[in-house]
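Okay, so here's the structure we're looking at.
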Amino acid sequence: MAGKQTLARLDDEFDRYESMLRIDKHALDDELIEQPQYYSDVSQRLATCISYRDEAKDHLEGIRAMCDQRVRSSFADDAKKPPEAAIASMVVQQPEYQQAKDGLAAWHDRYNRWMGLKEAITQRGYALKDLVALFVADYFARNSAGKSVESRERTAKAEAVKEELRNQRKQRTRL
């Protein structure tokens, strides 16, 4: 079974990859280059979680069998055997079983988190595609007020012409 170091490492890596979901719209070329690597890394971590989760599931079954045998052997001398439901109840109350069950739950939680992150990375790829399309359509050349770069340049030129006309008027009135 995986140790606490593996758990801590996967949790740290999860936080790191989760922080990489944000897209820098001013560095779309870099984001596009890094996207496949993010997807690959997260997929590998997810495969690791699946492997450890399956191992924890097998471990739980082994512990259950061991506890079941121990509970049944404690009633070996009794003439009347307890019902199966009572034996099953005693098995799940064993500390080893509880610990193994908690271990499986922890891996199942990690699996769910990494599966969600993989889906988020996939959605990030779609968002990147859409952002590139917007970039190609010159969407990012507009400022927050919705004016394009050309519009701002025209406004600046118009202001310069107005200023020049004001200066000419002032000179004519002085003459």
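Here are some notes:
- Considering segment 123-142, the residues that are over 28 Å from the mean Cα position of the chain (by Cα) and small (Gly, Ala, Ser) include one that is farthest from residue 33 (Cα to Cα), namely 141.
- Checked against the criterion of being in contact with a Ser or Thr (Cβ under 9 Å, 6 or more places away or on another chain), surrounded by 13 or more Cβ atoms within 10 Å (Cβ to Cβ) and in a helix (DSSP H, G or I), segment 57-78 contains not a single residue that satisfies it.
- Qualifying residue in segment 14-30 (condition: more than 20 Å from the chain's Cα centre (by Cα) and either assigned to a loop (DSSP other than H, G, I, E, B) or touching a residue at least 24 places away in the same chain (Cβ under 8 Å) (or both)): yes
- Residues that are assigned to a helix (DSSP H, G or I) and under 28 Å from residue 31 (Cα atoms) were ranked within segment 140-175; the one that is modelled with the lowest pLDDT is 149.
- Of the set (1) surrounded by 14 or more Cβ atoms within 10 Å (Cβ to Cβ); (2) modelled with pLDDT under 90, all apply to residue 137 but (1).
The values are calculated or read from the model by the stated rules, or taken from the named source; none is laboratory data. This structure is a prediction, so every number in the text was calculated from the model and none was measured. In this analysis, Cβ positions are derived from the backbone assuming ideal geometry, glycine residues included, and neighbour counts consider all displayed protein chains.
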